[in-house]
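**Student:** Could you have a look at this structure, given as structure tokens, before my questions?
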Amino acid sequence: MRKRAFTLIELLVVIAIIGILSAVVLASLDSARSKATVASIKANLRDMIPQTEISYYDAAPNSYANACTVIANMLNAINNGGGTAVCYSVDNTRWAVSARLNSDNTQNWSVDSKGIVTWDTTDAGGGATMYWPAANTACAALGEHLPTVEQLESLYLAYNTNPTPSFQSNNYWSITPYPGDSSGYYRLHMGLGGYGDAPQISARYVRCVH
């Protein structure tokens, strides 16, 4: 009795099925790997808060001068684990860390002593520039708020490109008041880095965090 062999068409069908199943499995693994990386980034960001607060009260006088140093191991864990994180402080009185997922530049987070925030993926108001009061209102209407100047600068440094992906190469409003100017707020250029004072009645771009 002759044994029936597989036809060429049958072999091609089997190969195609194996290819499809392999693609599905690989996609699932990639998704699981990405979720694990995000969870790790957020866990490290959360762990930074108590460490920086301890460093603040340990310093004399109270200062965040050592904030970026005491969380170096957590920054390294993010930078070696599929993300990029940068710490930034201003005048030793404020600090923030921004982190991004290397494989997806729409996923960005920042942390400071108040907690973790997630960056929106697009500018508020359809990308229009606004005066500061309108910018603050636009974010509040979304149940969100403007970022701090440290969050803006550290996110810029986490990408260090011109411009930062999805941002205009221009100035963005922060929620941080400018010292010595009761009507001014910090603004930061997301194409060049660097911050400065801007009066409330000047038009800047707006990116909210939540």
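Read-outs: derived from the displayed coordinates by stated rules, not from any lab. Just so we're clear, the structure is a prediction, and the values are computed from it rather than from any experiment. Here Cβ is always computed from backbone atoms with ideal geometry, including for glycine, and neighbour counts include all displayed protein chains.
**Student:** Cut-off 10 angstrom, C-alpha nodes, Gaussian network model of the chain. Which of Ile116, Ile18, Ile175 fluctuates the most?
**Tutor:** Taking springs between Cα atoms under 10 Å, the residue moving most is Ile18.
**Student:** Here's a follow-up. Over the chain, with a Gaussian network built from C-alpha contacts below 10 Å, which listed residue (Asp112, Asp197, Asp104) shows the highest mean-square fluctuation?
**Tutor:** Asp104
**Student:** Using the Cα centre as the reference, give the magnitude of the dipole from point charges on the C-beta atoms of segment 1-114 (Lys, Arg: +1; Asp, Glu: -1; all else neutral), rounded to the nearest 20 debye.
**Tutor:** Approximately 780 debye in magnitude.
**Student:** Only four residue types carry charge here, +1 at the Cβ of Lys and Arg and -1 at the Cβ of Asp and Glu. Report the dipole size of the chain about the Cα centre in Debye, rounded to the nearest 20.
**Tutor:** That gives the chain a dipole magnitude of about 1080 debye.
**Student:** While we're looking at this one, here's another question. To the nearest 10 degrees, how steeply does helix 132-141 sit against the main Cα axis of the chain, on a 0 to 90 scale?
**Tutor:** Around 40 degrees separate the two axes.
**Student:** Still on this model: What is the extension gain from Asn79 to Thr93, computed as 0.36 nm multiplied by their sequence separation minus the C-alpha to C-alpha distance, in nm to one decimal?
**Tutor:** So the extension gain works out to 2.5 nm.
**Student:** Now a separate question. If you wrap a convex hull around the Cα atoms of segment 119-210, how much volume per residue is inside, in Å³?
**Tutor:** Hull volume normalised by residue count: 78 Å³.
**Student:** Further question: Any idea what angle helix 149-159 forms with the longest principal axis of the chain, computed on alpha-carbon atoms, 0 to 90 degrees, nearest 10?
**Tutor:** Approximately 30 degrees, to the nearest ten.
**Student:** Just Val97, Val13, Val38 to compare: in a GNM of the chain, with alpha carbon springs under 10 Å, which one fluctuates most?
**Tutor:** Val13
**Student:** Could you state the angle between the C-alpha long axis of helix 8-58 and the longest principal axis of the C-alpha atoms of the chain, as a value from 0 to 90 degrees rounded to the nearest 10?
**Tutor:** Helix 8-58 sits at roughly 20 degrees to that axis.
**Student:** Can I ask one more? Rounded to the nearest 20 debye, what is the charge dipole size of segment 119-210 about its Cα centre when +1 sits on each Lys and Arg Cβ and -1 on each Asp and Glu Cβ?
**Tutor:** That gives a dipole near 140 debye.
**Student:** When the expected Rg is taken as 2.2 N^0.38 Å, what fraction or multiple of it is the alpha-carbon Rg of segment 1-114?
**Tutor:** Compared with the compact-globule rule of thumb, segment 1-114 sits at 1.83.
**Student:** Please state, rounded to one decimal and in Å, the Kirkwood hydrodynamic radius that the chain gives when every pair of distinct Cα atoms enters the mean of 1/r.
**Tutor:** Taking the inverse mean of 1/r over all distinct Cα pairs, the chain comes out at 19.2 Å.
**Student:** Amide H neighbours of Gly184 under 5 Å, counting only residues 5+ apart in sequence or on other chains, H built in-plane at 1.01 Å?
**Tutor:** Tyr178
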